[in-house]
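Okay, structure first, notes after.
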Amino acid sequence: MNRVISALAVSCLAASAFAQAAATKTTTPAPKMRMVQENTTTVYDVTTTNKKGTTQYGMVEETQTTPQGGTQVISQVEYSDYTPSKMALANEKRAEVSVGLGAAYSFNKDTEDMRMADLGLSATGQVLWDMGDHFSVGADYMFLNPDGRSNQGFSYDRFRLNSIALAGKYTVNAWDTWRVYVPMGVGAAQARLKASGERNGEYTSESSDKWGLDLFAGLGLQYNLSQDIFLALEYRYTVAFVKAEDLNKAYGKDNYLQFHSAFLRVGTRF
């Protein structure tokens with residue numbers, strides 16, 4: 001009996017020792033992955049926009065991080081991209097042609113202090129070449145035809161001015177869609193007038209024309225519909241160095257012909 005008890009005791013001690021050894025056994029950790037290198041791409045970008053267009057520029061930089069934790073620049077590439085505005089594209093075209101229709105008026109009076117004309121029609125055609133962003137020169141034709149006026153049975157008809165001039169145009173804000181400009185010109189003008197009727201108990205009829213120097217200047221407002229097409233509203237003051245008495249010797253005053261005109265102008269740049 002004692003032998004059996006001793007054998008059981010030895011078996012229990014052996015099982016306990018085996019269990020204790022199994023509990024104290026450690027697990028070997030898996031090996032960690034090591035970073036060899038890492039590449040990073042960074043874009044530095046700047047965008048600026050003004051009346052001339054949009055410019056986007058910057059730099060693409062590629063860096064590399066080493067296993068030791070250091071960083072080095074592999075490459076740097078600069079770039080630039082320019083997108084012109086609508087007005088910049090319009091200004092690349094260096095010439096323009098336009099026509100205009102409108103109204104004309106004259107404040108000239110005769111020796112009886114009566115006005116010689118009422119509001120009438122006007123027309124113009126113009127070709128200009130740019131000398132720079134703000135100034136252009138060219139040729140201008142202008143036709144002014146104030147409506148003849150009748151005063152107490154005396155009529156003024158065909159009160160007209162034809163002008164061919166060396167023209168200029170100064171644009172104040174050349175890079176805007178809405179533009180303010182100053183038209184100007186000097187040239188040769190043909191003035192014509194027909195006068196007929198009875199005055200002071202005497203009937204007279206006279207038709208004459210005369211050439212002379214003329215000057216004009218004014219103010220305009222232009223709107224660019226696109227880089228090619230524009231509309232403008234323009235006012236002009238014109239002086240023709242032809243005297244009223246040269247056209248109407250009987251009743252013309254000793255003063256130069258003066259005209260006010262307004263045009264709705266449409267044109268294209270090329």
Original post:
Among the residues of segment 58-65, is there at least one that is in contact with a Ser or Thr (Cβ under 9 Å, 6 or more places away or on another chain), at pLDDT 70 or above, farther than 30 Å from residue 168 by Cβ and surrounded by fewer than 10 Cβ atoms within 10 Å (Cβ to Cβ)?
Top reply: no
**OP:** Would you check if residue 218 is out of contact with any Lys or Arg (no Cβ under 9 Å at 6 or more places or on another chain), at pLDDT 95 or above and buried (at least 17 other Cβ atoms within 10 Å of the Cβ)?
**Re:** no
Original post:
Just checking, how many residues over segment 202-232 are within 22 Å of residue 123 (Cβ to Cβ) and within 28 Å of the chain's Cα centre (by Cα)?
Top reply: 13
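Listed here are the residues, each with its yes/no results for (1) outside the structural domain of residue 245 (by TED's automatic domain parsing); (2) on the phi < 0 side of the Ramachandran plot; (3) modelled with pLDDT of 95 or more; (4) not charged (D, E, K, R).
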residue: 151; (1), (2), (3), (4): no, yes, no, yes
residue: 154; (1), (2), (3), (4): no, yes, no, yes
residue: 160; (1), (2), (3), (4): no, yes, no, no
residue: 163; (1), (2), (3), (4): no, yes, yes, yes
residue: 175; (1), (2), (3), (4): no, yes, no, yes
Subject >> Test: residue in segment 233-248 that is modelled with pLDDT of 95 or more and either among the polar types (S, T, N, Q) or not in a strand (DSSP E or B) (or both) >> reply: yes
Original post:
Got a sec? Which of 198, 206 is free of Cβ contacts under 8 Å to residues at least 60 places away in the same chain, more than 25 Å from residue 179 (Cα to Cα) and loosely packed, with under 14 Cβ neighbours inside 10 Å?
Top reply: 198
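The values are calculated or read from the model by the stated rules, or taken from the named source; none is laboratory data. The shown structure was predicted, so the numbers you read here are calculated from the model rather than taken from an experiment. Methodologically, a virtual Cβ is constructed for each residue, glycine included, from the backbone with ideal geometry; neighbour enumeration extends over all protein chains shown.
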